[in-house]
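The values are calculated or read from the model by the stated rules, or taken from the named source; none is laboratory data. Note that this is a predicted model, so its numbers are computed, not measured. FYI the Cβ positions are ideal-geometry reconstructions off the backbone, even for glycines, and counts take in every protein chain you see. The area values use the complete protein model at the heavy-atom level, side chains included, leaving out ligands, DNA and RNA. Shrake-Rupley method; radii C 1.70, N 1.55, O 1.52, S 1.80 Å.
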Amino acid sequence: MNKKIALLPGDGIGPEVVAEARRVLDAVADRFGCEIHFVEGLIGGIAMDRTGSPFPPETIELCLRSDAILLGAVGGPRWDDPSAKLRPEQGLLRLRKELGLFANLRPVRVHPALAASSPLRAELLEGVDLLVVRELTSGIYFGERGRRNDSNDEQAYDTMIYSVSEIENIVRLAARLARSRRGKLTSVDKANVLEVSRLWRTTADRILKDEFPDIDAEHLLVDAASMHLIQRPADFDVVVTGNLFGDILTDEASVLAGSMGLLPSASVGESGPGLYEPIHGSAPDIAGCSIANPIGMILSAAMMCAESLRWPEAASCIESAVDHVIRSGARTLDIRRKGEPVVGTTEMGGRIADAAKSIDVATSAA
Ligand code: IPM
Ligand code: MG
């Protein structure tokens, strides 16, 4: 096997965590006798500084020529001026849109050895294994927006918009995933207030009744869902929702796992390369300190192996290596409990790469 991966490190801690994911992938490629060819591209703030655009044409070309894309993070205080025309985040949104990556899969599992790192009581976390399917290329992120004057009072507006076919596509994908898991699906909206959500709910209902009668489906309002996620997280299997609600609920859900730094994601479309990125941001406050947790990025690389490279052995190998290193007690600052020693970003990545070289894949999974 010979695969080409676009590496888009981006801003803040992005380059630090991407370097560790690359190291782990190199270890796995070596072990299984495969070739992975990495090519770096620019995105976000660093791309604005070097080329004037957060998503230069060379980057889209590189992505289209690749089998998959690994992305670190974008954004930072240097580019945060609210009156600026260009923002690093536009690079990421354009990448998602131009590649048609309409589904963002964000799995949340709680490693038993890390339950104490979560602010929730351990008994609530037992059995938590959920997957948020976030719609990624529409909704309020991509609706019409602007400023206008109303009797000399300036207004700003963003439009939340979904079409029936967009809702059908994401609900179908989520229901198929539910079928391959525990058969439960929760659709989240705000149908008591928003017209968009009423279309979402009736469309989801129809698809689920007509095509997925075997799935145990429920609807939740987003405010209630945010509460249930921390009151009864183990009850959720697959959660499907729109772009904005998915963004918010996954930051909340990451707390279940102990740290946002642990959570991976995969963004996929009908065809073409998938995009793999941790759910955390660029964390400018700790950038350059080599203390960031690379596990969310490394597990994103595992999702890439499974989804885009159709290479399940590599995915299991990486997951087992992460599991092993967590069990052995290695802790970055974000998941460390009082009194425990801390390992840095490169040390954590190095230990996972070492484990990936030799770990017994069949028997070591959690
Ligand atoms: C995420 C991030 C992005 C989003 C930002 C960086 C644009 O928060 O991937 O969750 O809102 O989608
Ligand atoms: Mg987010």
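Numbers at a glance
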quantity	calculated
Conditions (1) farther than 23 Å from residue 330 by Cα; (2) away from ligand 1 (no atom under 16 Å from the Cβ): number failed by residue 250	(2)
Residues located in region 175-209, provided they are open to solvent by 30 Å² or more (accessible area, probe 1.4 Å) and among the charged types (D, E, K, R)	176, 179, 181, 182, 184, 190, 195, 198, 201, 205, 206, 209
Among the candidates 205, 214, residue that is closer than 22 Å to residue 138 by Cβ, over 22 Å from the mean Cα position of the chain (by Cα) and in the same structural domain as residue 246 (by TED's automatic domain parsing)	205
Scope region 66-103; condition open to solvent by 60 Å² or more (accessible area, probe 1.4 Å) and either hydrophobic (A, V, I, L, M, F, W, C) or within 13 Å of ligand 1 (Cβ to nearest atom) (or both); matching residues	80, 86, 87, 89, 90, 94, 97
Scan of region 253-281 for residues that are hydrophobic (A, V, I, L, M, F, W, C) and within 9 Å of ligand 1 (Cβ to nearest atom), ordered by number	279
Close pairs (6 angstrom Cβ cut-off, 6 or more residues apart or separate chains): in contact (Cβ under 8 Å) with a residue 12 or more places away in the chain and assigned by TED's automatic domain parsing to the domain that holds residue 259 in region 111-124, of a type outside the set (A, V, I, L, M) and assigned to a helix (DSSP H, G or I) anywhere	113/327
Near pairs, Cβ below 7 angstrom, 6+ apart or cross-chain, from region 255-281 (of a type in the set (Asp, Glu)) to any residue that is within 10 Å of ligand 2 (Cβ to nearest atom) and not in a helix (DSSP H, G or I)	277/265
Single residue of region 213-241 satisfying the filter (assigned to a loop (DSSP other than H, G, I, E, B) and open to solvent by 10 Å² or more (accessible area, probe 1.4 Å)) that is nearest to residue 120 (Cα to Cα)	232
Only one of 98, 89, 168, 135 that is over 21 Å from the mean Cα position of the chain (by Cα), at pLDDT 95 or above and not basic (Lys, Arg)	168
Search result, residues across region 16-52 that are open to solvent by less than 40 Å² (accessible area, probe 1.4 Å), without any contact (Cβ under 8 Å) to a residue 60 or more places away in the chain and over 28 Å from residue 332 (Cβ atoms)	48
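For every residue, the table says whether it meets (1) closer than 16 Å to residue 106 by Cβ; (2) more than 12 Å from the chain's Cα centre (by Cα); (3) not in a loop (DSSP other than H, G, I, E, B).
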residue	(1), (2), (3)
272	no, yes, no
297	yes, no, yes
300	yes, no, yes
305	no, yes, yes
